[in-house]
Every structure is written in C-alpha cells, then in structure tokens.
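Since the structure comes first, as structure tokens, the remarks are kept for the end.
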Amino acid sequence: MKIVALIARILIGLLFLIFGLNGFLQFIPMKTFPTGLAGEFLTVLIQSHYVLFVSALQIAGGALLLVNRYVPLGLTLLGPVIVNIILYHALMDRAGLPLAIVVAILWGVVAYRQRQYFSSLFVQKTS
C-alpha cells in the first residue's frame, strides 16, 4: 500500500501542477470549446478570472504533494477542486468523467494513507 500511495501522490501532484500551470500559461491547447451550458460555464470562469484562483490552488496543492511536505494541506486544497471537476463532468460535459473519477480515486488513496491527520475532523464532540 505504501508504494501505491507514493505513486498516487506523485501522479496527482504532477497532474494538478501541470494543469494548474496551464491555467496561467495555456501551453496545452484546447481542441474545441464545449457547446451549451458547459461552454457557457467555462466562459464565465475564464472571463471572471476565477480560473486563475482555481489554477493557483491546483499549483499549490500539486506542488505540496510532489515535494512530500504538508501533504494533508495539499489534499485539503485539492479536495474541493476535485469535487467541482467531478460535478462539472457529471452534470455538464460527460466526456471527462472517467478521468475525473480516476483522479478522485488517486486522491482517496493518498488521503487514506494520511488518514491519521484527518481523524480529528471526525470527533463528534469537542468538549
């Protein structure tokens, strides 16, 4: 399990670092812009510059996973991003849903390995 978690951490770190940098530098060309609601949603994200904030979170989270420092913080930063990616693909553009599910599984493997750092979140009463 240790090797699987290591591979998952590196893969998810690289994935988010590369796609986060792409949000700023646009070195991966987009084939075609989606039509319909999915295209409108992406247009709003790009024109409002919201995508830059999400890209910064992806870079920070991916870098933390790659350098193996503050991994729980990196997972915490990437968790909501992954949820939004899954919801986007599940509700608007199903083409990328399989890859989004793979990313969520990789995140889950790394999070399971780091579960002791998240255990305090599941305490029923604090006092």
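The table below gives the values:
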item	result
Contacts under 8 angstrom Cβ, first residue in the range 64-79 being under 13 Å from residue 115 (Cα atoms), partner modelled with pLDDT of 95 or more and not in a helix (DSSP H, G or I), 6 or more apart	71/114; 72/114; 75/114
Restricting the range 36-86 to residues that are outside any helix (DSSP H, G or I) and among the polar types (S, T, N, Q), the residue that is farthest from residue 107 (Cα to Cα)	48
Total residues in the range 77-106, condition farther than 23 Å from residue 33 by Cα, surrounded by fewer than 18 Cβ atoms within 10 Å (Cβ to Cβ), of a type outside the set (Gly, Ala, Ser) and under 10 Å from the mean Cα position of the chain (by Cα)	1
Where residue 63 falls short, out of the listed (1) surrounded by 15 or more Cβ atoms within 10 Å (Cβ to Cβ); (2) modelled with pLDDT under 95	(2)
Check on residue 123, of a type outside the set (Ser, Thr, Tyr), out of contact with any Ser or Thr (no Cβ under 9 Å at 6 or more places or on another chain) and at pLDDT below 95	yes
Test: residue in the range 23-35 that is touching a residue at least 40 places away in the same chain (Cβ under 8 Å) and part of a helix (DSSP H, G or I)	no
Residues within the range 107-127 that are surrounded by fewer than 17 Cβ atoms within 10 Å (Cβ to Cβ), of a type outside the set (Phe, Trp, Tyr) and in a helix (DSSP H, G or I), tallied	6
Residue ID - surrounded by the most Cβ atoms within 10 Å (Cβ to Cβ), chosen from residues in the range 66-76 that are at negative phi and in contact with a helix residue (DSSP H, G or I) (Cβ under 7 Å, 6 or more places away or on another chain)	74
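The values are calculated or read from the model by the stated rules, or taken from the named source; none is laboratory data. Everything quoted here is computed from the prediction, not taken from an experiment. Here Cβ is always computed from backbone atoms with ideal geometry, including for glycine, and neighbour counts include all displayed protein chains.
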